[in-house]
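The next block holds one structure in the form of structure tokens; read it before the comments.
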Amino acid sequence: MTPPGNLFVIAAPSGTGKTSLVQALVERTPGLTVSISHTTRPKRPSEKDGINYHFIDEKQFKEMIERKEFLEHAIVFHHHYGTTQAWVKETLAKGLDVILEIDWQGCQQIQALFPDCISIFILPPSLSDLEERLKKRNQDKHDIIQARLKDATETIKHIHEYQYLVINADFDQAVRELQHIVLASRLLRRRQALKLPFY
């Protein structure tokens, strides 16, 4: 019997490098994929619809909420973000591991629905380092950067809700640590036992 995949929820303050870390992790780890969220946020020049996010308008998003299509959804910086449940459940049933890149609000919702999910929090080495990264991205104006730093302080208050903490001081090291978590999670008894005919 093929055991269902593990569900990973990964959260981090904006600018921590979460998306780049997850992308590298998926490239280096077979059997692991990322759920593509729906959002009402405007598409950035470097982003592609259906690859980075499914970009939809607020009317469409609210219609999806009414149809109960989301596993979780939240408002972050005045824009809606949500994870659709059909794709996630189908992918897990195939034995593939799934990563959800979500904020702490979404993580709380997922943990209530999937008590066995594996939660990971990613942090920068310091808030001053985070501020420097946000400035170097050259995507946001000063007031937006300050808002993101304020949000980061609030987000960090939820760190105790996560099982693992990865500090992104060195990118390759952080990717290796994430990979260790994924590989170890595949050896959990509840998952391995399903492969045994005598268990």
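Here's a check for you: in the stretch 13-33, which residue that is hydroxyl-bearing (Ser, Thr, Tyr) and under 15 Å from Asp103 (Cα atoms) is surrounded by the fewest Cβ atoms within 10 Å (Cβ to Cβ)? Full working, then the answer.
To start, the set of residues in the stretch 13-33 that are hydroxyl-bearing (Ser, Thr, Tyr) comprises 14, 16, 19-20, 29, 33.
Okay, now just the ones that are also under 15 Å from Asp103 (Cα atoms), so 14, 16, 19.
Values: Ser14: 21, Thr16: 24, Thr19: 13.
Taking the candidates together, the pick is Thr19.
For Pro125, which of the numbered conditions (1) part of a loop (DSSP other than H, G, I, E, B); (2) free of Cβ contacts under 8 Å to residues at least 40 places away in the same chain; (3) farther than 26 Å from Lys89 by Cα fails to hold?
All conditions pass for Pro125, except number (2).
Among the residues of the stretch 174-183, are any surrounded by 15 or more Cβ atoms within 10 Å (Cβ to Cβ) and among the acidic types (Asp, Glu)?
Taking every residue of the stretch 174-183 in turn, at least one turns out to be surrounded by 15 or more Cβ atoms within 10 Å (Cβ to Cβ) and among the acidic types (Asp, Glu).
Condition first: part of a loop (DSSP other than H, G, I, E, B), at pLDDT below 95 and not β-branched (Val, Ile, Thr). Now tell me which residues in the stretch 13-32 satisfy that.
Within the stretch 13-32, Pro13, Ser14, Gly15, Gly17 qualify.
From (1) surrounded by fewer than 16 Cβ atoms within 10 Å (Cβ to Cβ); (2) closer than 22 Å to Phe114 by Cβ; (3) modelled with pLDDT of 90 or more, pick out the condition that doesn't hold for Asp57.
With (1) surrounded by fewer than 16 Cβ atoms within 10 Å (Cβ to Cβ); (2) closer than 22 Å to Phe114 by Cβ; (3) modelled with pLDDT of 90 or more applied to Asp57, the lone miss is (2).
Report the residue count in the stretch 78-91 for those that are touching a residue at least 40 places away in the same chain (Cβ under 8 Å), in a helix (DSSP H, G or I) and either surrounded by fewer than 18 Cβ atoms within 10 Å (Cβ to Cβ) or in contact with a His (Cβ under 8 Å, 6 or more places away or on another chain) (or both).
Qualifying residue count for the region: 2.
Considering each of Asp97, Asp57, Asp103 in turn, give the residue that is in contact with a helix residue (DSSP H, G or I) (Cβ under 8 Å, 6 or more places away or on another chain) and closer than 15 Å to Arg41 by Cβ.
The match here is Asp103.
Of the residues Gln23, Gln60, only one is of a type in the set (S, T, N, Q) and more than 24 Å from Thr155 (Cβ to Cβ); which?
Checking each option against the conditions leaves just Gln60.
Quick one: which of Phe77, Phe121 is at positive phi and under 18 Å from the mean Cα position of the chain (by Cα)? Working first, answer last.
Working: Phe121 fails: at positive phi.
Step by step, each of Phe77, Phe121 is checked, and only Phe77 is at positive phi and under 18 Å from the mean Cα position of the chain (by Cα).
From the list Ile10, Ile36, Ile51, which one is crowded, with 16+ Cβ neighbours inside 10 Å and either assigned to a loop (DSSP other than H, G, I, E, B) or polar (S, T, N, Q) (or both)?
On the way: Ile10 fails: either assigned to a loop (DSSP other than H, G, I, E, B) or polar (S, T, N, Q) (or both); Ile51 fails: crowded, with 16+ Cβ neighbours inside 10 Å.
Result: Ile36 is the single residue among Ile10, Ile36, Ile51 that is crowded, with 16+ Cβ neighbours inside 10 Å and either assigned to a loop (DSSP other than H, G, I, E, B) or polar (S, T, N, Q) (or both).
Restricting attention to the stretch 92-122, and to residues there that are of a type in the set (A, V, I, L, M) and in a helix (DSSP H, G or I), which single residue is nearest to Leu32 (Cα to Cα)?
That would be Leu92.
Going by what's in this entry, would Val182 be described as at pLDDT 90 or above, in contact with an Asp or Glu (Cβ under 8 Å, 6 or more places away or on another chain) and part of a strand (DSSP E or B)?
Numbers: at pLDDT 90 or above: yes; in contact with an Asp or Glu (Cβ under 8 Å, 6 or more places away or on another chain): yes; part of a strand (DSSP E or B): no.
When the stated conditions are applied, Val182 does not pass them.
Give me the residue from the stretch 92-128 that is surrounded by fewer than 17 Cβ atoms within 10 Å (Cβ to Cβ) and of a type in the set (Ser, Thr, Tyr) and, out of that set, farthest from Arg176 (Cα to Cα).
Only one residue tops the list, namely Ser128.
The values are calculated or read from the model by the stated rules, or taken from the named source; none is laboratory data. These figures come from a predicted structure and were not determined experimentally. Because the Cβ atoms are built from the backbone with ideal geometry, glycine has one as well, and the counts that use them run over all protein chains shown.
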